[in-house]
Ligand SMILES: Cc1cc2nc3c(=O)[nH]c(=O)nc-3n(C[C@H](O)[C@H](O)[C@H](O)COP(=O)(O)O)c2cc1C
């Protein structure tokens with residue numbers, strides 16, 4: 001798939017097969033995440049790839065709007081030590097770019113994925129952190145459910161292009 005088609009046909013997938021994801025594909029998802037841009041190239045991130053059913057259940061208990069069943073759940077985390085001190089909010093941009101890259105790579109690999117927000121809601125951040133015993137210095141940012149789309153997956157590509165949202169001056 002070419003870049004433009006890849007970007008324009010990505011969609012959120014929320015229903016998955018049990019089929020495990022190959023290790024090589026998991027590495028590509030992580031490579032895509034870390035290929036993202038970051039302010040001052042601080043790369044203020046670490047990622048959990050959760051395969052354990054027990055841990056996935058713990059995360060799902062902590063997240064109210066996610067709770068999907070997928071072979072892996074990626075938790076993109078802010079590595080606080082690498083945040084730009086005078087502009088901490090930039091981590092939101094950095095982790096957003098990394099999360100989107102994971103979605104795009106998943107699509108390229110024939111996988112489906114959905115991004116569920118953890119950051120910036122303090123209650124979700126605290127609950128997810130506790131659910132997987134995350135060490136001090138890491139803050140959970142997004143939970144990305146990834147797997148092969150189920151045969152009855154109903155997700156559709158939405159054409160969200162709206163010329164009224166573009167101001168060419
Ligand atoms: C920051 C963020 C938070 C999101 N949180 C959730 C969520 O909690 N649960 C969910 O099912 N989808 C979540 N989504 C996915 C959006 O619902 C989805 O991207 C949107 O409906 C557009 O659909 P599309 O991704 O298929 O284009 C989130 C997406 C983003 C970027």
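Could you check the spin-label model distance between residue 18 and residue 122? Points 7 Å from the Cα along Cα→Cβ, value in nm.
It works out to 4.2 nm between the two label points.
Going by C-beta contacts inside 10 Å, put 72, 169, 102 in order with the fewest on the left.
Values: 72 22, 169 2, 102 26.
Least to most surrounded, the residues fall as 169, 72, 102.
Quick one: if the Förster radius is 22 Å, what FRET efficiency do residue 5 and residue 35 give, using the C-beta to C-beta distance and rounding to 0.05?
Working from the Cβ atoms, E equals 0.70.
Across all directions of projection, what mean area in square nanometres is found for the Cα convex hull of region 37-91?
Averaged projected hull area, Cα only: 4.7 nm².
Sum -39500 (n - 2.57) across every DSSP H segment of at least 4 residues in the chain, then divide by the residue count to get the 222 nm mean residue ellipticity, nearest 500.
Rounded to the nearest 500, the figure is -10500 deg cm²/dmol.
Fewest to most neighbouring Cβ within 10 Å: what's the order for 99, 38?
38, 99
Taking neighbour counts of Cβ atoms within 10 Å as a proxy for exposure, in what order, fewest first, do 48, 161 appear? The partial results should precede the final answer.
Working: 48 19, 161 8.
Least crowded to most crowded, the residues run 161, 48.
Distances longer than 22 Å among the Cα atoms of region 1-141: what percent of all pairs is that?
Working: 3734 of 9870 pairs.
Above the 22 Å cut-off, region 1-141 has 38 percent of its Cα pairs.
Read-outs throughout are calculated quantities, based only on the coordinates presented, and are distinct from any laboratory measurement. Predicted model, so just to flag it, every value in this text is computed and none were measured. Every residue, glycine as well, gets a Cβ built from its backbone with ideal geometry; the counts of neighbours run over all protein chains shown.
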